[in-house]
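The values are calculated or read from the model by the stated rules, or taken from the named source; none is laboratory data. Just so we're clear, the structure is a prediction, and the values are computed from it rather than from any experiment. Glycine also receives a Cβ, built like all others from the backbone with ideal geometry; neighbour counts cover every protein chain displayed. Each accessible area value is taken on the protein alone, full model and side chains, heavy atoms only, with ligands, DNA and RNA left out. Shrake-Rupley method; radii C 1.70, N 1.55, O 1.52, S 1.80 Å.
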Amino acid sequence: DAVYGFSANKPVVVTGWNGKDTHWVPEQDMDLNEVVQAALPPAPLAPSLSLHWLAVDGVQPNVPQNPPPDKRSQRKGHGQKSGSGLAEEMHHGSARGGAAVGQEGGGGEGGGQDGQDALVASSVGGALGEVSHVLSREMQLLFGRVTWAVRAVGHPAALQPALHTLKCDAGLQEMMPYFAQFIQNQVAANLKDLALLTNLMAMTSCLFANTQGLEPELYLHQLVPSVLTCVVGKRLCASPATEDHWQLRDRAASLVATICARHGGVYANLQPRVTRALFEALADAGKPLTSVYGAIVAITRLGPLCVE
């Protein structure tokens, strides 16, 4: 056998025998003394590692280790075309199915899938349209499926796998800005949809519970206000008398405490600013009982020092 790291100088020749199916590699008889006394071949180059930036703020630097700018522009254009083609393909597929998004809950299995494809297409096209870099097709599909599961209130079986993905999967950092923007926009646009707000808080909780290298603290400026809205919001459901919005406030208050405990050491002004916002909601005599309740629960979860 050839020594690892060295290559043979002669090509390997396979020899047959009498036209039969028996073949072998001919080997030359060598004197061991000649082998031992012969000079060693030159040693191969030692392996080495070097570091370089793949991207800085979403822009790939022009260094020798990265592709040239012309190839990057060609590849980027190809990726954008693939992404738009994917959204268009999903849109046409849902149109052929004849099911609208609003009808997915009442239709059969085929109608629900068509509605799911339509929501995926809208998520991909709406959230990924104006960006300075392009996500892979797999990431676009994953983003679309997760956001569809969160918004599809009538499909609880689809929500759990999506939350498990957010909590346990690695490699989600590239999609984290899109998830943060999705949560911020959906909370602001659906302040009276209790089921959707509950799903959004579950999604946020899973992102902060991810232990596979995800860094949601880079997007606290988008996520914390959304969570505080679900704590001290004036009205978080369509029918406060019949819907249990108190449970949503309790869950959001616990999430606020978790965020402050986990990232307050790095961002020293995080908990003081959160506490100040809660105190303002508590001290304002014009705030309704729902906001006062959320502020009291959140301050309690932050610990005895905040209570004092």
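Structural remarks
- Single unsatisfied condition, Thr242 versus (1) part of a helix (DSSP H, G or I); (2) more than 18 Å from the chain's Cα centre (by Cα); (3) of a type in the set (S, T, N, Q): (1)
- Taking the range 181-193 as the range and being open to solvent by 60 Å² or more (accessible area, probe 1.4 Å) and among the aliphatic types (A, V, I, L, M) as the test, the residues that pass are Ala188, Ala189, Leu191.
- In the set Val256, Val297, only one residue is among the β-branched types (Val, Ile, Thr), at pLDDT 90 or above and closer than 17 Å to Leu207 by Cβ; that residue is Val256.
- Test: Arg301 is among the charged types (D, E, K, R) and under 30 Å from the mean Cα position of the chain (by Cα): yes
- Matching residues, the range 145-169, being open to solvent by less than 50 Å² (accessible area, probe 1.4 Å), assigned to a helix (DSSP H, G or I) and not aromatic (Phe, Trp, Tyr): Val146, Thr147, Ala149, Val150, Ala158, Leu159, Ala162, Leu163, Thr165, Leu166
- Those residues of the range 34-48 which are open to solvent by less than 80 Å² (accessible area, probe 1.4 Å), in a loop (DSSP other than H, G, I, E, B) and at pLDDT below 85, in sequence order: Pro41, Pro44
- Here is the figure for the range 15-33: residues that are modelled with pLDDT under 75 and open to solvent by less than 90 Å² (accessible area, probe 1.4 Å) total 6.
A quick yes/no check of all residues on (1) open to solvent by 70 Å² or more (accessible area, probe 1.4 Å); (2) farther than 20 Å from Ile259 by Cα; (3) assigned to a loop (DSSP other than H, G, I, E, B); (4) in contact with a Ser or Thr (Cβ under 7 Å, 6 or more places away or on another chain):
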| residue | (1), (2), (3), (4) |
| --- | --- |
| Leu141 | no, yes, no, no |
| Phe179 | no, no, no, no |
| Leu200 | no, no, no, no |
| Met203 | no, no, no, no |
| Cys206 | no, no, no, no |
| Thr211 | yes, no, yes, no |
| Glu217 | no, no, no, no |
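- Of the candidates Gly286, Gly265, Gly233, the single residue that is touching a residue at least 24 places away in the same chain (Cβ under 8 Å) and either over 22 Å from the mean Cα position of the chain (by Cα) or open to solvent by 80 Å² or more (accessible area, probe 1.4 Å) (or both) is Gly233.
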